[in-house]
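Asks: Before we start, here is the structure in question, set down as structure tokens.
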Amino acid sequence: MLTFTDAAREVVLSILAEGSMETPALRVAVCGSPLAPDYELSLIEGWEESADDLVLDAGGFRVFVDPKSAEQLDGATVDYVQRGGESGFEIRPAGAPATLPEPPAGELAERVRHVIETRINPAIAAHGGHIALAALEGDVAYIQMSGGCQGCGMARVTLRQGVDRMIREAVPEIADIRDITDHAAGVNPYFQPSK
């Protein structure tokens, strides 16, 4: 169901060995958009197991997965990677390439990212929202909304009257901005969409 590489297993075991928990376990959960899910790994006590959790033996430690996350993690691999001076856990869904694509790079991507980080995200932070550059293909920028923006009834307005306008004014090489967010998965939208 969910496998750990040797590197990931060694790091988890070393973290557990340093801790003071009596019966430590690892909880793995999936949240966010199914198109670009966020994965959460957290250390918990073994007694924190829920009745409907799937319990896995990962070779030296137990892993708890809730039923909803289990569907998305079926066949996934947990790895511990080091890239560009950074290291951390990476979860690759079944069928994903062994190496996940790097975030958009290059001068154009940096300019778009700069507008998002310095102008757009500060403006939507009051609503608990966040926007990230997910991909860049030619003159099209693909963005992903999260937090209060994911599932917000005003997301389309934010995209067209705010994000699109600001990016295209600052980076005229960009002709279109497309939102790849799974808004149906939003759990705490700032404005509830009308039904």
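Asks: Return yes or no: is ALA135 at pLDDT 80 or above, surrounded by fewer than 18 Cβ atoms within 10 Å (Cβ to Cβ) and over 30 Å from ASP74 (Cα atoms)?
Replies: Taking the combined requirement at face value, the residue does not satisfy it.
Asks: Here are the criteria: (1) assigned to a helix (DSSP H, G or I); (2) surrounded by fewer than 18 Cβ atoms within 10 Å (Cβ to Cβ); (3) modelled with pLDDT of 85 or more. Tell me which single one ALA126 does not satisfy.
Replies: For ALA126, the exception is condition (3).
Asks: All but one of (1) at pLDDT below 75; (2) assigned by TED's automatic domain parsing to the domain that holds HIS114 hold for VAL163; which doesn't?
Replies: (1)
Asks: Scan (1) assigned to a loop (DSSP other than H, G, I, E, B); (2) within 15 Å of PRO37 (Cα to Cα) for the single condition GLU90 breaks and write down its number.
Replies: Of the numbered conditions (1) assigned to a loop (DSSP other than H, G, I, E, B); (2) within 15 Å of PRO37 (Cα to Cα), the odd one out for GLU90 is (1).
Asks: Same structure, new question: Using the structure shown, decide if GLY148 is in contact with a Phe, Trp or Tyr (Cβ under 8 Å, 6 or more places away or on another chain) and buried (at least 18 other Cβ atoms within 10 Å of the Cβ).
Replies: yes
Asks: Does ASP179 satisfy the criteria of being of a type in the set (Asp, Glu), at pLDDT below 90 and more than 30 Å from ARG27 (Cα to Cα)?
Replies: Yes: the conditions hold for ASP179.
Asks: Mind checking which residues of the stretch 57-96 are farther than 16 Å from LEU26 by Cα and small (Gly, Ala, Ser)?
Replies: Answer for the stretch 57-96, where residues must be farther than 16 Å from LEU26 by Cα and small (Gly, Ala, Ser): GLY75, GLY84, GLY85, SER87, ALA94, GLY95, ALA96.
The values are calculated or read from the model by the stated rules, or taken from the named source; none is laboratory data. In this text, all values refer to a predicted model and were calculated from it rather than measured experimentally. Here Cβ is always computed from backbone atoms with ideal geometry, including for glycine, and neighbour counts include all displayed protein chains.
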